[in-house]
1. What's the number of the condition A149 fails, among (1) over 17 Å from A224 (Cα atoms); (2) near the ligand (Cβ under 8 Å from one of its atoms); (3) hydrophobic (A, V, I, L, M, F, W, C)?
2. For the stretch 56-66, does any single residue satisfy the condition of being hydroxyl-bearing (S, T, Y) and under 19 Å from I129 (Cα atoms)?
3. Can you name the residue in the stretch 38-75 that is surrounded by fewer than 22 Cβ atoms within 10 Å (Cβ to Cβ) and β-branched (V, I, T) and is also nearest to G170 (Cα to Cα) among such residues?
4. Which condition breaks for E187 when tested against (1) within 12 Å of the ligand (Cβ to nearest atom); (2) at pLDDT 95 or above; (3) of a type outside the set (G, A, S)?
5. Residues of the stretch 124-168 being charged (D, E, K, R), in contact (Cβ under 8 Å) with a residue 24 or more places away in the chain and not in a strand (DSSP E or B), which ones?
6. Working carefully through the options A237, A225, A169, find the one that is away from the ligand (no atom under 16 Å from the Cβ), surrounded by 13 or more Cβ atoms within 10 Å (Cβ to Cβ), closer than 25 Å to I129 by Cα and assigned by TED's automatic domain parsing to the domain that holds R128.
7. Being under 24 Å from G226 (Cα atoms) and in contact with a helix residue (DSSP H, G or I) (Cβ under 6 Å, 6 or more places away or on another chain), is that true of even one residue in the stretch 190-203?
8. If you go through the stretch 235-251 one residue at a time, how many are touching a Phe, Trp or Tyr at 6+ places or on another chain (Cβ under 7 Å) and not in a helix (DSSP H, G or I)?
Amino acid sequence: MITGAGRGIGRAIALAFAAAGARVVVNARRASDIEAVASEIERETGGEAHPVPGDIASPDDVDRLYREATARLGGIETLVNNAGRFHWGPFLETSADDWHGVFAVNVHGTATVTHKFLPSMLHGQFGRIINVASTTVGRFGAPNFSVYAASEHAIIGLTKCLALETAKAGVTVNALCVGLVDTEQNEQARAKIADHQGTNPDAVKQAFLNSIPMGRLVTVDEVAAGAVFLASREAQAITGICLDVAAGRGV
Ligand SMILES: NC(=O)c1ccc[n+]([C@@H]2O[C@H](COP(=O)([O-])OP(=O)(O)OC[C@H]3O[C@@H](n4cnc5c(N)ncnc54)[C@H](OP(=O)(O)O)[C@@H]3O)[C@@H](O)[C@H]2O)c1
């Protein structure tokens, strides 16, 4: 079960799981995107993919997501909480609506989805929960990222506590922390920062590249490989960690 799988990192994770033989449910708000991803999975891998649209910030949508996912696939063994909302801006220009909106998706949404899917994992004594978070502002701080960084730190805090709660129940809970990944969200971030700084997105991209030890952005396929590893049987002793797929950032 992968949230936010209509494009970017979530789409790549869904394709990688299907290529590894998993039957997948793909979720995002825009139905046309996840229908296209499900068709792509069936075409490219011959696997089974079920699109279920819904907003993870809506408890009713999450309820329906859970019912439809389990009706189609039975018990869900692996949950990838990938859907996220980005925000960038100086703290004093960050409104109460910004705080509520970002936390509604990144924190409450992640917790609500996990709340739904965890009980059957505990019942089956097997489960993998993978929470996609940020290396740069999930483990560290950066100016103008207050609300987004607070939400990404919260995801990592949730990950660690839940890992300890489920440690004896065959369920692992890990954060997949990503650096700067070449996706639509990252492109929007570059445009917003450029606008604010009176520069252009290419200059912002160059500044990003200068801050990455490997001097390049991470690809969505590299992130997806990390997710498949965390879900594997070989990773059964790994819980409560942040696996950084970040081209050397955060070291
Ligand atoms: N790209 C980076 O450099 C970077 C860095 C650090 C962390 N991350 C994290 O990695 C994750 C994926 O990022 P990305 O770059 O792939 O983002 P993206 O390109 O913007 O894709 C986000 C996906 O999530 C879906 N989504 C957004 N809000 C949702 C909601 N409320 N309910 C359900 N689905 C929702 C979007 O589709 P709809 O709009 O149709 O719902 C889309 O399919 C996010 O959690 C992000 O914070 C990314």
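The values are calculated or read from the model by the stated rules, or taken from the named source; none is laboratory data. The structure presented is a predicted model; accordingly, all values stated were derived computationally and were not measured. Positions of Cβ are generated from backbone atoms using ideal geometry, with glycine treated the same way; all protein chains shown enter the neighbour counts.
1. Tallying (1) over 17 Å from A224 (Cα atoms); (2) near the ligand (Cβ under 8 Å from one of its atoms); (3) hydrophobic (A, V, I, L, M, F, W, C), A149 fails exactly one: (2).
2. As a first pass, look at the stretch 56-66 and keep what is hydroxyl-bearing (S, T, Y): 58, 66.
Of the ones still in play, those that are also under 19 Å from I129 (Cα atoms) are 66.
Yes: one or more hits.
3. T70
4. Every listed condition holds for E187 apart from (2).
5. Of all residues in the stretch 124-168, those charged (D, E, K, R) come to 128, 139, 152, 160, 165, 168.
Narrowing further to those that are in contact (Cβ under 8 Å) with a residue 24 or more places away in the chain: 128, 139, 152, 160.
Within the stretch 124-168, R139, E152, K160 meet the criteria.
6. On the way: A237 fails: surrounded by 13 or more Cβ atoms within 10 Å (Cβ to Cβ); A225 fails: away from the ligand (no atom under 16 Å from the Cβ).
Unique residue meeting the criteria: A169.
7. No, the stretch 190-203 contains no residue that is under 24 Å from G226 (Cα atoms) and in contact with a helix residue (DSSP H, G or I) (Cβ under 6 Å, 6 or more places away or on another chain).
8. First, the residues of the stretch 235-251 that are touching a Phe, Trp or Tyr at 6+ places or on another chain (Cβ under 7 Å): 235, 250.
Right, trim to not in a helix (DSSP H, G or I) and you get 250.
Counting residues in the stretch 235-251 that are touching a Phe, Trp or Tyr at 6+ places or on another chain (Cβ under 7 Å) and not in a helix (DSSP H, G or I) gives 1.
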